[in-house]
Amino acid sequence: MNAPNLKAAIVVIDGRFKVLKKTEFRGEMTLHVERTAIKELARFCRDELGFTYLVDVSGVDHFGDEPRFEIVYELYRFEPGEYLRLKISVSEDELEAPTVSDIWPTADWHEREAFDMFGIKFTGHPDLRRILMWDGYPFFPLRKDFPLAGKPSEMPDVAFTKPAPLAGGPFVTVPSTATTKDREPRSRSMD
């Protein structure tokens, strides 16, 4: 496949799909698109533009704003080694988006994690159930209204039944001009 370079790919996407916002930062491109277009755009990015690797699907909570949530899709194509980030907004009232697990099978686990941590439902997902928290757990730990110290548990045999402090953990990020790979959190010295 002879895929266009990233700038040419963005022009193709912009001509075919309604791109709400384009952002380039540190050499990486982010396209914010309509929620209803994400599935068709994802398939187009894989089949026509060569973004065959889905790196991650994650959620972002903009507590206090509406729409409250974003879903972020990190795509990668091996030749020529480029990233593309797609974002959609999801309101708290309509907390769902179409699954892309039939396009990239690895989305299965990523979407389950976003469901478990944020409560975002992925319609058409083959096995949408909690992946980290137990069935019946009533909260979503990565939402900004979830207390930093956690919530006490009524389950006596669970390892962490008391809230654990989270501030100043061992993994931290620092602002930099580095690429995504180099910005990953690293263990800091606990001197």
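So here's what we get for this one:
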item: Area accessible to solvent at K21, 1.4 Å probe radius, in Å²; result: 130
item: Heavy-atom SASA rank of W109, W134, W104 (probe 1.4 Å, accessible area, largest first); result: W109, W134, W104
item: Extension gain, L95 back to K121 (0.36 nm per residue minus Cα-Cα distance, nm); result: 8.7 nm
item: Relative contact order (percent, whole number), segment 6-137, Cα cutoff 8 Å, 6+ residue spacing; result: 20
item: FRET efficiency estimate (nearest 0.05) - Cβ-Cβ, N5 to R129, R0 45 angstrom; result: 0.65
item: Cross-link table K7/K39; K22/K121; K39/K144; K21/K87, entries beyond 18 Å C-alpha to C-alpha; result: K7/K39; K22/K121; K39/K144
item: In sequence order, calculated HN-Hα J values of segment 65-76 (Karplus, 6.51, -1.76, 1.60; Hz; x Gly/Pro); result: 9, 10, x, 6, 10, 10, 10, 10, 10, 9, 10, 9
item: H125 accessible area, 1.4 Å probe, all protein chains in place, Å² to nearest 10; result: 20
item: Modelled FRET efficiency - R0 22 Å, T36 with A178, Cβ distances, 0.05 increments; result: 0.05
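The values are calculated or read from the model by the stated rules, or taken from the named source; none is laboratory data. Nothing here was measured: the structure is a model prediction, and the numbers come from that model. Using ideal geometry, Cβ is built from the backbone for each residue, glycine included, and neighbour counts are taken over all protein chains shown. Side chains are part of the model used for accessible areas, which takes the heavy atoms of the whole protein and leaves out ligands, DNA and RNA. Shrake-Rupley method; radii C 1.70, N 1.55, O 1.52, S 1.80 Å.
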